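Please treat every number below as a calculation from the coordinates, not as lab data. Nothing here was measured: the structure is a model prediction, and the numbers come from that model. As a convention, Cβ positions derive from the backbone with ideal geometry for all residues, glycine included, and neighbour counts pool all protein chains shown.
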């Protein structure tokens, strides 16, 4: 049995694989205000379509739809067929709250009430 495929058949298979990945995946990577779809993601990296996404480098944000998942520092790892694979050098979970630089006491008041001055 041969594993050789004509170029037009291989191109058709690659196009179908890209289209399937775009339809079922909501993951996206954002760089400089531009969002690009992520084809697949694993524990130490992710892959994007090499034909539609420029070379990425540095700090990026990962989104699942509108939900901000992570802020990542990435490097290009490898290129396979129609996808470019990137690996995480550093990954930080996104949070809606700003980090505190002090310890918050458990018995701390949650609000301040103004005194009634009778004015």
### Summary
Nearest 10, in degrees from 0 to 90: the angle of helix 7-24 to the longest Cα principal axis of the chain is 20 degrees
## Note on the structure
With bins of 5 Å, the percent of all Cα-Cα pairs of the range 42-96 per bin from 0 is 5, 20, 28, 25, 17, 5, 1, 0
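Could you give the length gained by full extension between residue 30 and residue 89, i.e. 0.36 nm per residue of separation minus their alpha carbon distance, to one decimal place?
Values: separation 59, 0.36 × 59 = 21.24 nm, distance 1.67 nm.
The span from residue 30 to residue 89 would gain 19.6 nm if fully extended.
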### Task
Using only Cα positions of the chain, each an equal point scatterer, no hydration layer, compute I(q)/I(0) via Debye at q = 0.11, 0.12, 0.15 Å⁻¹ and quote the log10 values to two decimals.
-0.53, -0.59, -0.77
### Message
For a Förster distance of 25 Å, can you work out the FRET efficiency between the beta-carbons of residue 5 and residue 52, rounded to the nearest 0.05?
### Response
0.60
### Task
Whole Å is fine, so just give me how far the alpha carbon centre of the range 36-67 lies from that of the range 69-87.
7 Å
### Query
At residue 42 and residue 105, where each label point lies 7 Å from the Cα along Cα→Cβ, what is the point-to-point distance in nanometres?
5.1 nm
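Remind me, relative contact order of the chain in percent, using alpha carbon pairs under 8 angstrom and six or more residues apart?
Details: 161 pairs, mean separation 19.8, N = 119.
Once divided by the residue count of the chain, the mean separation gives 17 percent.
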